[in-house]
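Trainee: I'd like to ask you about the structure that follows.
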Amino acid sequence: MRIDVLTILPDVVEGFASASLLGKAWRDGVLDLRIHDIRDAATDSHRTVDDAPFGGGAGMVLKPEPIFDTVERVDPPRPLIYLSPAGRTFRQGDARRLADGAGFTLLCGRYEGVDERVRQHLVDEELSIGDYVLAGGEVAAAVVLEAVCRLVPGVLGNRESVADESFSSGLLEYPHYTRPADYRGWSVPAVLRSGDHGRVERWRRAQSLYRTASVRPDLLAARGGLTAEDRALLAEFGLIVDNGSDGIGGARNGPAGR
Ligand code: SAM
């Protein structure tokens, strides 16, 4: 998979991408990551890439020429995604879609962002990593890179599974425990040590439902709320989910599980 990143701070992206599993996949050639410095396309001795906004106002705007010139020179893979707080929110489904493709390109803004003609005539889509404003797109690029690349076969190895983690089923993931079985008097739920795999599976699903109802009832609503089967499963483990007026409600003070 080829991924290009266009930025005026290539060291920031490269530093992040060189570390951990992403860096290993890059060095092993599983990922063909190409980081381009937009300043290389500047034509003056100061390597200028920004200018004051027409119409006045605070801040600077990234000029169109170095961005168009970089894209035309390197012919990066599409879609070309501009990272922007004004974009659609990046979700796990986007990570999956991009991981299933042959490649993509991330354009990082700075200052007040990019000249509007870049958005209108060069960019294929715009993604935001959340409802807050960063100083630049590099951290957002790191978020997208990591979320996508960990789904690319060969990047994670078999140390982590992406099959039943949060969002993959529309629910948040169940809790995990490892040794010791008792730590400072806090015990691992007995069901996880019972050897009863069917019951473990049911407990995990009940915990997923409970956790999602507690903190992300919107996710439950999106999949049509709790079914009678879900409610029976919650009841089996003593987990209480209030019946709100929307039929989904939230979870309250149920035990962590038995
Ligand atoms: N003036 C812009 C606005 O109000 O929408 C904010 C520009 S921001 C200071 C500079 C750059 O940071 C943006 O061009 C974008 O690339 C990046 N950025 C900031 N917040 C972001 C977010 N939530 N998601 C993705 N990129 C973001």
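The values are calculated or read from the model by the stated rules, or taken from the named source; none is laboratory data. In this text the structure is predicted, and so the values were computed from the model without any measurement. So basically every Cβ, Gly included, is an ideal-geometry build from the backbone, and we count neighbours across all protein chains shown. Areas reflect the complete protein model, heavy atoms only, side chains present, ligands, DNA and RNA absent. Shrake-Rupley method; radii C 1.70, N 1.55, O 1.52, S 1.80 Å.
Trainee: From 162, 143, which residue is free of Cβ contacts under 8 Å to residues at least 40 places away in the same chain, open to solvent by 20 Å² or more (accessible area, probe 1.4 Å) and within 29 Å of residue 28 (Cα to Cα)?
Mentor: None of the others qualify; the one that does is 162.
Trainee: For region 145-204, enumerate the residues that are among the acidic types (Asp, Glu) and under 31 Å from the mean Cα position of the chain (by Cα).
Mentor: Hits for region 145-204 are 146, 160, 164, 165, 173, 201.
Trainee: May I pose another question? Just one of (1) out of contact with any Cys (no Cβ under 8 Å at 6 or more places or on another chain); (2) assigned to a helix (DSSP H, G or I) trips up residue 165, so point out which.
Mentor: (2)
Trainee: Are there any pairs with C-beta distances below 6 angstrom linking a residue in region 12-38 that is under 21 Å from residue 74 (Cβ atoms) to a residue that is aromatic (Phe, Trp, Tyr) and open to solvent by 30 Å² or more (accessible area, probe 1.4 Å), with the two at least 6 apart or on different chains, and if so which?
Mentor: 33/26
Trainee: While we're on this one: Name the residues in region 62-82 that are touching a strand residue (DSSP E or B) at 6+ places or on another chain (Cβ under 6 Å) and within 14 Å of the ligand (Cβ to nearest atom), would you?
Mentor: Those that are touching a strand residue (DSSP E or B) at 6+ places or on another chain (Cβ under 6 Å) and within 14 Å of the ligand (Cβ to nearest atom): 62, 63, 80, 81, 82.
Trainee: Can you name the strands (runs of 3 or more DSSP E) wholly within region 1-108 that have at least 2 residues being open to solvent by 70 Å² or more (accessible area, probe 1.4 Å)?
Mentor: 80-89
Trainee: Then there is this: Hey, can you tell me all the residues within region 174-201 that are surrounded by 12 or more Cβ atoms within 10 Å (Cβ to Cβ) and either of a type in the set (Lys, Arg) or modelled with pLDDT under 95 (or both)?
Mentor: Answer for region 174-201, where residues must be surrounded by 12 or more Cβ atoms within 10 Å (Cβ to Cβ) and either of a type in the set (Lys, Arg) or modelled with pLDDT under 95 (or both): 193, 199.
Trainee: Report, by residue number, each residue of region 115-145 that is within 6 Å of the ligand (Cβ to nearest atom) and among the aliphatic types (A, V, I, L, M).
Mentor: 129, 133, 134, 135, 140
Trainee: Continuing with this model, one more query. Between residues in region 121-137 that are farther than 12 Å from residue 86 by Cβ and without any contact (Cβ under 8 Å) to a residue 60 or more places away in the chain and residues that are open to solvent by 70 Å² or more (accessible area, probe 1.4 Å) and more than 6 Å from the ligand (Cβ to nearest atom), which pairs lie under 7 Å by C-beta distance while being six or more apart or on different chains?
Mentor: Here the result reads 124/78, each pair linking region 121-137 to a residue that is open to solvent by 70 Å² or more (accessible area, probe 1.4 Å) and more than 6 Å from the ligand (Cβ to nearest atom).
Trainee: Moving on. Would region 191-201 turn up any residue that is part of a helix (DSSP H, G or I) and among the hydroxyl-bearing types (Ser, Thr, Tyr)?
Mentor: No: zero hits.
Trainee: Select from region 168-187 the residues that are in a loop (DSSP other than H, G, I, E, B) and more than 11 Å from residue 208 (Cβ to Cβ) and list them in ascending order.
Mentor: Selection gives 176, 177, 178, 179, 180, 181, 184, 185.
Trainee: Now for a different question. Could you pull out the residue among 148, 133, 152 that is open to solvent by 40 Å² or more (accessible area, probe 1.4 Å) and farther than 18 Å from residue 64 by Cβ?
Mentor: Exactly one of 148, 133, 152 is open to solvent by 40 Å² or more (accessible area, probe 1.4 Å) and farther than 18 Å from residue 64 by Cβ, namely 133.
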